[in-house]
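Participant: Here you go, one structure.
The values are calculated or read from the model by the stated rules, or taken from the named source; none is laboratory data. The structure presented is a predicted model; accordingly, all values stated were derived computationally and were not measured. Don't worry about glycine lacking a Cβ; one is built from the backbone with ideal geometry, like all the others, and counts go over all protein chains shown. Heads up: the accessible areas ignore ligands, DNA and RNA and are worked out on the full protein's heavy atoms, side chains in. Shrake-Rupley method; radii C 1.70, N 1.55, O 1.52, S 1.80 Å.
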Amino acid sequence: MKWEMKKDVPVLIVCGQSNAHGHGTRLATHEMIMEPLRNVWGLDREKNQAYGLSQVVWSGFTSYGMNLGEVQDHTCCLATEFARSWQACIDEGMELPDLYIIQMSIGGQGIAKYEKGDNNMWYPNRPHIMRNGVLGQVDISLYPLAMKILPLAMRSIKNQGYTPRVIGFHWNQWETEVDTGGIAVEEARQNYKILFDGFRKAIGQSFPIYLYRPLSDVYNNPEGVESITRLFNELIQEDDYMKMIDVSQSELFDESRLDKGIFQNDLVHYTAKVQRWFARYQWASLENK
């Protein structure tokens, strides 16, 4: 992708549930990004995790404190690995603009009003709740928060004299609907439409939305997996900006293994290798434009 260096600012957005922030993939100490990156920016949790902000505050990206959802830091995830690669390319002399990253995810959260265990923090009409913490303590109504943060983030970039260009909105979430089943699956099309339409309105531009092909059946609901997969395929057929990330098409996937070569021992959370593959996938999507 060619950049108008004096005008364009690339923005990467990663939302969803646990796989969006790389649950269980703790980085080794030498891999942690402790010193803020010079050319990659994120939204620090302490400064931006609130509904009533008048403006967002960007900080040099690190591998901790940058998810506006749950507290689980220093994980190997798409956002961290893409940020690391972007900075490395600039350090090696590649002419790239600064990158801005927005992360918002909490483990096990669905999009329906009635989800198993009330795990519905992405439900669009959920009352505003804001309780920071680790999984099991955190309680945040994520869609209302996104509707506040995303427009402020775009405005902040524009106020600096740049044009924000969302290079990818990654929606890594579907498992909670399958786990709940029933009405959560039946209403998924309507609820996803509300979410995606809302994100687009809040951001104010067209951009690729990356869905993730369901590959785990840890919830023993193959009908639910099939239903959500079929829905995702339909959304992609109906909307040129919808894309599917399918790690089963990667060199990592091995159908003969119980973990398929891509999951941790729980058979639902991706390994660090897969998260790095996601980052490479995002790079490839830019190079193909």
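Participant: Just to be sure I understand, how many residues within region 61-77 are over 22 Å from D139 (Cα atoms) and surrounded by fewer than 22 Cβ atoms within 10 Å (Cβ to Cβ)?
Facilitator: Here the count works out to 1.
A quick yes/no check of all residues on (1) touching a Ser or Thr at 6+ places or on another chain (Cβ under 7 Å); (2) β-branched (V, I, T); (3) open to solvent by 10 Å² or more (accessible area, probe 1.4 Å); (4) part of a loop (DSSP other than H, G, I, E, B):
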residue: L37; (1), (2), (3), (4): no, no, yes, yes
residue: G42; (1), (2), (3), (4): yes, no, no, no
residue: G52; (1), (2), (3), (4): no, no, yes, yes
residue: Q55; (1), (2), (3), (4): yes, no, yes, yes
residue: S59; (1), (2), (3), (4): no, no, yes, no
residue: A79; (1), (2), (3), (4): no, no, no, no
residue: R84; (1), (2), (3), (4): no, no, yes, no
residue: C89; (1), (2), (3), (4): no, no, yes, no
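Participant: Let me ask something additional. Restricting attention to helices (runs of 4 or more DSSP H) lying wholly within region 131-247, give those where 3 or more residues are farther than 26 Å from D73 by Cα and among the small types (G, A, S). Spell out the reasoning first.
Facilitator: Numbers: elements: 142-159, 175-180, 183-186, 188-203, 222-238.
Output list reads 188-203.
Participant: Could I ask something else about it? Check S285, S256 and return the single one that is touching a residue at least 60 places away in the same chain (Cβ under 8 Å) and more than 21 Å from H23 (Cα to Cα). Please lay out each step first, then the result.
Facilitator: Numbers: S256 fails: touching a residue at least 60 places away in the same chain (Cβ under 8 Å).
Checking each option against the conditions leaves just S285.
Participant: Going through region 61-77 one residue at a time, which ones are part of a loop (DSSP other than H, G, I, E, B) and touching a Ser or Thr at 6+ places or on another chain (Cβ under 6 Å)? Before the answer, list the steps.
Facilitator: Quick first cut of region 61-77, residues part of a loop (DSSP other than H, G, I, E, B) only: 61-66, 68-74, 76-77.
Once the filter is applied, which keeps residues that are part of a loop (DSSP other than H, G, I, E, B) and touching a Ser or Thr at 6+ places or on another chain (Cβ under 6 Å), region 61-77 yields S63, G69, H74, C76.
Participant: Here is a follow-up. Search region 115-133 for residues that are free of Cβ contacts under 8 Å to residues at least 24 places away in the same chain and open to solvent by 60 Å² or more (accessible area, probe 1.4 Å) and pair each with any residue that is assigned to a loop (DSSP other than H, G, I, E, B) and not acidic (D, E) when their beta-carbon atoms are under 9 Å apart and the residues are at least 6 apart or on different chains.
Facilitator: G117/G108; N125/K113; P127/S141; R131/Q137; R131/V138
Participant: Sticking with this one: I'm trying to understand the selection: among the residues of region 250-284, which are part of a helix (DSSP H, G or I) and within 24 Å of V166 (Cβ to Cβ)?
Facilitator: Once the filter is applied, which keeps residues that are part of a helix (DSSP H, G or I) and within 24 Å of V166 (Cβ to Cβ), region 250-284 yields V274, Q275, R276, W277, F278, A279, R280, Y281, Q282, W283, A284.
Participant: Moving on to the next point. For region 184-195, check the following and say yes or no: at least one residue is surrounded by 17 or more Cβ atoms within 10 Å (Cβ to Cβ) and touching a Ser or Thr at 6+ places or on another chain (Cβ under 7 Å). Break it down into steps so the answer makes sense when it comes.
Facilitator: Step one: of region 184-195, the residues surrounded by 17 or more Cβ atoms within 10 Å (Cβ to Cβ) are 184-185, 188, 191-192, 195.
The next check asks that each one be touching a Ser or Thr at 6+ places or on another chain (Cβ under 7 Å); those that pass are 185.
Looking through region 184-195, at least one residue is surrounded by 17 or more Cβ atoms within 10 Å (Cβ to Cβ) and touching a Ser or Thr at 6+ places or on another chain (Cβ under 7 Å).
Participant: Pairs needed: first member in region 186-207, among the basic types (K, R); second member anywhere, open to solvent by less than 10 Å² (accessible area, probe 1.4 Å) and not in a helix (DSSP H, G or I); C-beta distance under 9 Å; at least 6 residues apart or different chains.
Facilitator: Close Cβ pairs satisfying both conditions: R200/F169; R200/F207; R200/I209.
Participant: Could you tell me which of the residues Y162, Y210 is of a type outside the set (A, V, I, L, M), touching a His at 6+ places or on another chain (Cβ under 8 Å), closer than 29 Å to A284 by Cα and surrounded by 15 or more Cβ atoms within 10 Å (Cβ to Cβ)? Full working, then the answer.
Facilitator: On the way: Y162 fails: touching a His at 6+ places or on another chain (Cβ under 8 Å).
Answer to the check: Y210.
Participant: Another question, then. Based on this model, can you work out whether G110 counts as touching a Ser or Thr at 6+ places or on another chain (Cβ under 6 Å), closer than 25 Å to I167 by Cα and in a loop (DSSP other than H, G, I, E, B)? Walk me through how you get there before you give the answer.
Facilitator: Numbers: touching a Ser or Thr at 6+ places or on another chain (Cβ under 6 Å): yes; closer than 25 Å to I167 by Cα: yes; in a loop (DSSP other than H, G, I, E, B): yes.
Here the answer is yes, as G110 does meet what is asked.
Participant: Under 21 Å from G136 (Cα atoms), within 17 Å of the chain's Cα centre (by Cα) and at pLDDT 95 or above: is that true of G42 in this structure?
Facilitator: On the way: under 21 Å from G136 (Cα atoms): no; within 17 Å of the chain's Cα centre (by Cα): yes; at pLDDT 95 or above: yes.
It is false that G42 is under 21 Å from G136 (Cα atoms), within 17 Å of the chain's Cα centre (by Cα) and at pLDDT 95 or above.
Participant: Please go through (1) surrounded by 16 or more Cβ atoms within 10 Å (Cβ to Cβ); (2) aliphatic (A, V, I, L, M); (3) in contact with a Leu (Cβ under 8 Å, 6 or more places away or on another chain) for V218 and return the number of the only condition it doesn't satisfy.
Facilitator: (1)
Participant: Can you tell me which residue is surrounded by the fewest Cβ atoms within 10 Å (Cβ to Cβ) among those in region 135-149 that are touching a residue at least 60 places away in the same chain (Cβ under 8 Å) and touching a strand residue (DSSP E or B) at 6+ places or on another chain (Cβ under 8 Å)? Give the derivation first.
Facilitator: Let us first name the residues in region 135-149 that are touching a residue at least 60 places away in the same chain (Cβ under 8 Å), namely 135, 138, 140, 142, 144-146, 148-149.
Adding the requirement that they be touching a strand residue (DSSP E or B) at 6+ places or on another chain (Cβ under 8 Å) leaves 138, 140, 142, 145-146, 149.
Details: V138: 19, I140: 24, L142: 27, L145: 22, A146: 23, I149: 23.
Here the answer is V138.
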